[in-house]
Amino acid sequence: MAPSKRFNRKLLTYERNLILWRNCSKQDKVPNAFVSLDTAEREFGLCAKSLTQSELKTVLYGKRRGQYGFFLPPALVSARLKKPEVPSHWLSELFLRRCLERKGGFPPNTVSSFRSSLAIGGILLDF
């Protein structure tokens with residue numbers, strides 16, 4: 001990659017590396033399960049500045065595939081994620097409406113009435 005002329009980016013990278021270098025642990029090899037800091041920033045929205053002091057101590061500096069860098073443990077990445085996952089066995093409301101409310105199955109708007117009666121604040125209650 002060609003050298004960058006963006007002074008602000010160089011300054012931010014230098015500042016980030018200073019904070020991380022002081023607090024992280026150093027190893028020769030990084031386990032495959034660890035996530036690189038750049039990937040965590042790009043894909044998961046994690047920021048090095050948002051890490052607490054105890055989380056900074058779990059950051060690892062090491063070598064993977066010939067490149068040195070900072071790596072985060074998978075437990076830290078998964079704990080910091082705030083994306084709720086919908087189980088794969090759930091069916092969407094649109095799918096149910098298309099299957100059940102056609103050709104005389106259920107009357108129109110029956111499936112959407114379940115949403116208003118059984119779901120409170122986006123959480124589906126068990127029935």
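Every number in this text was worked out from the coordinates using simple rules, so none of it is lab data. Here the structure is a predicted model, which is why all the values come from computation and not from measurement. Every residue, glycine among them, receives a Cβ derived from its backbone with ideal geometry; neighbour counts consider all protein chains shown.
General observations
- Summed over segment 18-28, residues that are without any contact (Cβ under 8 Å) to a residue 40 or more places away in the chain and within 24 Å of the chain's Cα centre (by Cα) total 3.
- Residue check for residue 30: touching a helix residue (DSSP H, G or I) at 6+ places or on another chain (Cβ under 7 Å) and on the phi < 0 side of the Ramachandran plot: no
- Filter pass, residue 64 being in contact with a helix residue (DSSP H, G or I) (Cβ under 6 Å, 6 or more places away or on another chain) and surrounded by 13 or more Cβ atoms within 10 Å (Cβ to Cβ): no
- Qualifying helices (runs of 4 or more DSSP H) (wholly inside segment 1-106; at least 3 residues being of a type in the set (A, V, I, L, M, F, W, C)): 7-23, 74-80, 93-100
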